[in-house]
1. Got a sec? Which of 160, 170, 182, 188 is assigned by TED's automatic domain parsing to the domain that holds residue 26, in contact with an Asp or Glu (Cβ under 7 Å, 6 or more places away or on another chain) and not acidic (Asp, Glu)?
2. When you scan the stretch 229-330 for helices (runs of 4 or more DSSP H) that lie fully inside it, which ones turn up with 3 or more residues that are β-branched (Val, Ile, Thr)?
3. For residue 343, all conditions in the list (1) surrounded by fewer than 23 Cβ atoms within 10 Å (Cβ to Cβ); (2) closer than 23 Å to residue 260 by Cβ; (3) of a type in the set (D, E, K, R); (4) within 22 Å of the chain's Cα centre (by Cα) hold save one; what is the number of the exception?
4. Pick from the stretch 399-425 the residues that are surrounded by fewer than 20 Cβ atoms within 10 Å (Cβ to Cβ) and part of a loop (DSSP other than H, G, I, E, B): which of them is nearest to the chain's Cα centre (by Cα)?
5. Taking only the stretch 86-104 into account, find how many residues are at pLDDT 95 or above and farther than 20 Å from residue 198 by Cα.
6. When residues of the stretch 6-62 are filtered for being closer than 30 Å to residue 379 by Cβ and among the small types (Gly, Ala, Ser), how many remain?
7. So is residue 37 surrounded by fewer than 24 Cβ atoms within 10 Å (Cβ to Cβ), closer than 21 Å to residue 99 by Cβ and modelled with pLDDT under 95 or not?
Amino acid sequence: MRQTIRPAGRLSGLITLPGDKSISHRFAMIASLAEGASKITNYSTGADCHSTLDCVRALGLEVEEQGTTVTVKGRGLDGWRQPAGDLDAGNSGSTIRMMAGLLAAQPFKSRIFGDESLSRRPMGRIIKPLESMGARIEARDGMYPPLLVHGNRLHSIDYTLPVPSAQVKTCVLFAGLFADGTTIVRETIRSRDHTEIALREFGADLKVVKRVITIEGRPKLTGREVVVPSDLSSAAFFLVAGLLVPGSHLVIRNVGLNPTRSALLDFLLSIGGAVKVLKIESVNGELIGDIEVRHSRVRGGTIDRELTAAIIDEIPVLAVLGAASEEGIVICDAQELRIKETDRIATVADNFRRMGIEVEVTPDGMRVPGKQKFRAAAFDSFGDHRIAMAFAVAALAGDSESTIDNAEAASVSFPEFWNILRQIA
């Protein structure tokens, strides 16, 4: 599908975004292990999160959907049944990596696979700790999906994450639910903590001291009603669009403001962005609030180290903002971008060059000078949802009409994106 984007005179409106993808995945998986029904309100509309629901159904659980309200009828830790066929994770790295930790503890063998893009994403980071807990996992070339998971009785481990990854942390903690004793996960750099919050909400015995997380095996999880906040990663595209397009004023409602995710807002404020949180409250352990953004000139800056880990998914659209900033942007320590749905360092650079934007690519990031002119271009998402949306934002500041090929990729996380973009432009 090709989308045509015209330059915007200004952006304005009050918008509500879909439920947070990361939290939706976790609520659905944990609910499937709880005793009794769980009602999840504002579940993500993205295709990735529905891949998780499809896997839960295939494992014998009853799942009901009414719009964005999902009810999962759990049967406890031992309630999963051997699937009749392979589990399909679609394009979702979150589904395959996190669910692998749960499959590893089942009393049956299962096979989980994904689409062409997911089949290129390495799984060694989850295979290593799971095998050290007693699981046996076969992978293509020892590394790539599909994964054949031979369920086994697991034992607890004390594991230090070699790189910051909320997915790997979650995989080990999920496996720890079934392990004998206490499983410990240590982080050198803090990653998003939605899993820790969600597990406690459902009744797990989990503690966090600084960057050390401990979870006791075999807890009794209880079904409950939970609400998913709107996705801050989805809001990022509209925050940058509001800063970028002169005269813009947007309010984004009920956005998740978890401190391990809100580094995005801290960064935008630090470079001079006119961004304000209008209200804030706590719902199911997660902070939620409304965010106002107005057009403003931003200085630009550097994204590196812990900040890179905290806002890794937002880097493509922040690179776009950097090209328009006063001083440009430098992105370091972002090797993780090389193994996302695409090599996002390469695909951002490719689209920048199409629009005449100067960019210097490095092994772990890029340097983008500021004060650059945005020219219209024929962009390509390369099948990556975040690339599609980042360059839709860039196109709003172009000098004439732009196009984006393979624009349907946005539906992986944000099917409503194109409609909302048209509403505010």
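1. Values: 160 fails: in contact with an Asp or Glu (Cβ under 7 Å, 6 or more places away or on another chain); 170 fails: in contact with an Asp or Glu (Cβ under 7 Å, 6 or more places away or on another chain); 188 fails: in contact with an Asp or Glu (Cβ under 7 Å, 6 or more places away or on another chain).
None of the other options fit; the residue is 182.
2. Numbers: elements: 232-244, 263-270, 305-310, 315-324.
The helices (runs of 4 or more DSSP H) meeting that bar are 315-324.
3. Unmet condition: (2).
4. Among those that are surrounded by fewer than 20 Cβ atoms within 10 Å (Cβ to Cβ) and part of a loop (DSSP other than H, G, I, E, B), it is 415.
5. Qualifying residue count, the stretch 86-104: 6.
6. Adding up the residues that qualify gives 11.
7. Details: surrounded by fewer than 24 Cβ atoms within 10 Å (Cβ to Cβ): yes; closer than 21 Å to residue 99 by Cβ: yes; modelled with pLDDT under 95: no.
Against the criterion (surrounded by fewer than 24 Cβ atoms within 10 Å (Cβ to Cβ), closer than 21 Å to residue 99 by Cβ and modelled with pLDDT under 95), residue 37 does not qualify.
Yes/no matrix, rows are residues, columns are (1) at pLDDT below 95; (2) of a type in the set (Phe, Trp, Tyr):
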| residue | (1), (2) |
| --- | --- |
| 241 | no, no |
| 253 | no, no |
| 267 | no, yes |
| 279 | yes, no |
| 302 | no, no |
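The values are calculated or read from the model by the stated rules, or taken from the named source; none is laboratory data. Worth saying up front: this structure is predicted, and the values here are computed from it rather than measured. Cβ coordinates were reconstructed from backbone atoms using ideal geometry, including for glycine residues, and neighbour counts include every protein chain displayed.
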